[in-house]
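Let me begin by presenting the structure, written as structure tokens, before commenting on it.
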Amino acid sequence: MIVAKILLILVFILAWLKSRRSRQAEPSDFFILSFLLIYVPGFLFNPTGQTSLNGLHLGEAAARRADFGMMMVFGISTLMFTLRKYVEQKFPVLTNLSEAFTSSRISGFFAGVAAIFTVAFFTGLLLNADFREFKLDTLKFLTFQFQGIDYRFVRNEKFLESWLIESFLGRARFTIIPILFCFAIYPLLTRKKIVFGILAATVIFVALPASLSKLPIFFFCGYGVILVATRYPRFLDIRLLSAMLFIVATIIVTMLVVLYTAQYQNAVIGGSVLPLNLAVERIWGETYSVVVRYFAVYPDMLPFTGLSGINVLAKLSGIPPRWPDVEVALTLLGPDSGSNPGVFFLGGYAAFGMPGLCIFALLGPLVLWCLDFIGRRIQMRPIRVTYLAVLGMNAVFLNQIALQTALLTYGLAIVPIFLFFLDRVFLKVWLPRRIPGESKPTNGVFNAVDEG
């Protein structure tokens with residue numbers, strides 16, 4: 001079986017590489033690379049999904065279904081990449097990259113507006129008592145003042161009823177705020193003022209997106225790294241990115257080891273917690289274990305959720321929603337176990353079984369295709385690099401949440417439309433009237449101007 005899996009993965013990688021229009025990374029590539037990094041090790045070497053962190057025994061039937069489901073996803077995705085290559089060869093306009101237009105004044109304008117909005121956003125939030133308390137707790141977390149039970153209470157219970165913290169800020173953290181973040185620091189990075197850029201990024205991060213979770217730390221570091229890489233395009237060469245997978249994995253493991261050592265320092269000193277083992281199992285063991293859990297719960301323990309398991313469709317249909325990620329956690333881990341969100345196609349499996357998995361496995365690559373296509377049409381360079389940074393990183397969310405959640409809550413459907421609309425408005429309406437003397441459009445495309 002493992003030989004068949006390896007061959008299928010190699011065919012998938014080959015189809016993906018052949019479907020690409022150039023060596024420069026696009027948003028879809030960040031998901032593909034992260035998916036291969038996160039799920040392939042468990043798929044190959046831990047098909048039962050057993051880890052020491054949960055002590056679950058999920059059964060051979062669930063493991064077989066998970067194997068079959070993953071193989072279906074790889075097979076369907078391979079077909080989609082092959083179709084993409086054929087369609088883009090047939091219609092070359094789909095691969096054309098619009099000429100980028102920029103100047104220091106334009107980058108400065110976006111940075112200034114972003115800074116004003118950021119200050120206003122933060123000031124408005126400070127008027128709320130929950131936000132002020134949340135920020136104080138966040139600072140304690142970032143300075144390693146929380147441990148064990150205290151941390152779990154503050155993160156999982158203290159702000160659970162706060163709409164501002166859990167709903168509004170939780171959604172803005174990966175949609176509105178990253179756009180402001182990238183616009184604000186981009187001119188500093190392009191002018192090689194890296195120290196000031198890091199300082200500004202740190203201030204913005206602590207003020208707005210920083211939370212009691214480790215996830216925003218990794219994602220906002222990712223936004224910044226991609227912005228820097230756009231200044232040196234060779235760092236976005238897909239061959240270099242692929243080669244850096246092992247380096248990235250090492251860095252992530254190291255960061256987690258440091259965080260876990262600080263978070264559980266008493267247990268580490270006592271020897272009951274091994275930070276390296278915990279980090280490795282969190283990254284590779286738990287992620288694939290979640291895949292197997294879905295196949296263990298549905299349909300053996302619970303019936304498929306149908307339309308009620310896809311919240312948007314449930315609301316449109318007027319039926320009570322079900323939450324598969326919560327159901328899986330409650331069924332296997334018991335009460336007070338939170339949720340078990342998983343890779344994007346698991347929502348389809350929970351709803352309709354293997355047919356739903358196949359549908360989501362088709363829709364996922366189609367969404368990635370659309371993200372790449374829209375990104376090629378953006379012409380204002382500050383918006384283009386922001387698009388790549390935000391959508392490249394947010395596409396990685398498809399590894400841990402349902403497709404429909406990624407589209408709405410994490411902006412994969414909203415951010416591209418907003419940035420494309422902003423690009424067109426600024427390019428066609430505002431810019432020619434307000435900034436005379438800049439390059440005029442030729443056949444609808446501005447001439448490229450070097451960053452000053």
Quiz item: So who's got an amide H within less than 5 Å of the one on M380, skipping anything under 5 residues away but keeping other chains? H placed 1.01 Å off N, in plane.
Solution: F101
Quiz prompt | Accessible area expressed per residue, the chain, with surrounding protein chains retained (probe 1.4 Å, Å²) | solution = 47
Quiz item: When Lys and Arg each count +1 and Asp and Glu each count -1, what net charge do the other residues less than 15 Å away from R155, Cβ to Cβ, add up to?
Solution: -2
Quiz item: Percent of alpha carbon pairs in region 72-180 separated by more than 24 Å?
Solution: 57
Quiz item: Which of the listed residues, A389, A296, A4, is farthest toward the dipole's positive end in the chain, when Lys, Arg count +1 and Asp, Glu count -1 at the beta-carbon?
Solution: A389
Quiz item: So what is the diffusion coefficient of region 138-215 in µm² per second by Stokes-Einstein at 25 °C and 0.890 mPa s, using a Kirkwood Rh over Cα pairs?
Solution: 176
Quiz item: Could you state the principal axis extents of the C-alpha atoms in the chain, from the largest down, to the nearest angstrom?
Solution: 69, 55, 47
Quiz item: Once the mean 1/r over all distinct Cα pairs of region 47-106 is inverted, what Kirkwood radius in angstroms do you read off?
Solution: 16.0
Quiz item: Percent of accessible area on region 223-287 owned by carbon and sulfur, 1.4 Å probe?
Solution: 73
Quiz item: Once phi is turned into ³J(HN,Hα) by the Karplus curve 6.51 cos²θ - 1.76 cosθ + 1.60 with θ = phi - 60°, what whole-Hz value does each residue of region 28-41 show in order, with x for glycine and proline?
Solution: 4, 5, 5, 5, 4, 5, 5, 4, 4, 5, 7, 9, 5, x
Quiz item: Accessible area of S28, 1.4 Å probe, to the nearest 10 Å²?
Solution: 10
Quiz prompt | Estimated translational D of region 229-331 in µm²/s (Stokes, Kirkwood radius over Cα pairs; 20 °C; 1.002 mPa s) | solution = 122
Exercise. For every other residue with a beta carbon closer than 13 angstrom to the beta carbon of D372, add +1 if it is Lys or Arg and -1 if Asp or Glu, then tell me the sum.
Key: +4
Quiz item: P(r) of region 290-391 in 10 Å steps, Cα pairs, percent per bin?
Solution: 15, 36, 25, 18, 6, 0
Quiz item: Can you pull the percent of Cα pairs in region 341-411 with separation above 21 Å?
Solution: 29
Quiz item: In vacuo Debye scattering of region 1-138, one point per C-alpha: log10 I(q)/I(0) at q = 0.09, 0.14, 0.17 Å⁻¹?
Solution: -0.59, -0.87, -0.94
Quiz item: When the accessible area of region 71-201 is split by element with a 1.4 Å probe, what percent falls to carbon and sulfur?
Solution: 67
Quiz item: Going highest first, how would you order 349-355, 77-83, 111-117 by mean Cβ packing within 10 Å?
Solution: 349-355, 77-83, 111-117
Exercise. Compare the peptides 395-401, 251-257 by average per-residue count of other Cβ atoms within 10 angstrom and give them in order, highest first.
Key: 395-401, 251-257
Practice problem: Pick out, from I401, F174, P355, the residue whose Cα sits farthest towards the positive end of the charge dipole of the chain, with +1 on the Cβ of Lys and Arg and -1 on the Cβ of Asp and Glu. | Solution: F174
Quiz item: Can you give the helix-only mean residue ellipticity at 222 nm for the chain, where every DSSP H stretch with n ≥ 4 adds -39500 (n - 2.57) and the sum goes over all residues, rounded to the nearest 500 deg cm²/dmol?
Solution: -20500 deg cm²/dmol
Exercise. Run the dipole for the chain about the Cα centre, Lys and Arg Cβ at +1, Asp and Glu Cβ at -1, nothing else charged, and hand back the magnitude in debye, nearest 20.
Key: 1560
Quiz prompt | Ranked packing of 38-49, 175-186, most packed first, by mean Cβ within 10 Å | solution = 175-186, 38-49
Quiz item: How long are the three semi-axes of the equivalent ellipsoid for region 186-241, computed from the Cα gyration tensor as the root of 5 times each eigenvalue, in whole Å, largest first?
Solution: 22, 16, 6
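The values are calculated or read from the model by the stated rules, or taken from the named source; none is laboratory data. Note that the structure is predicted; figures quoted are calculated from it, not measured. Glycine gets a Cβ as well: all are built from the backbone with ideal geometry, and neighbour counts include every protein chain shown. The protein model used for the area step is the full one, side chains on, heavy atoms only, and it has no ligands, DNA or RNA in it. Shrake-Rupley method; radii C 1.70, N 1.55, O 1.52, S 1.80 Å.
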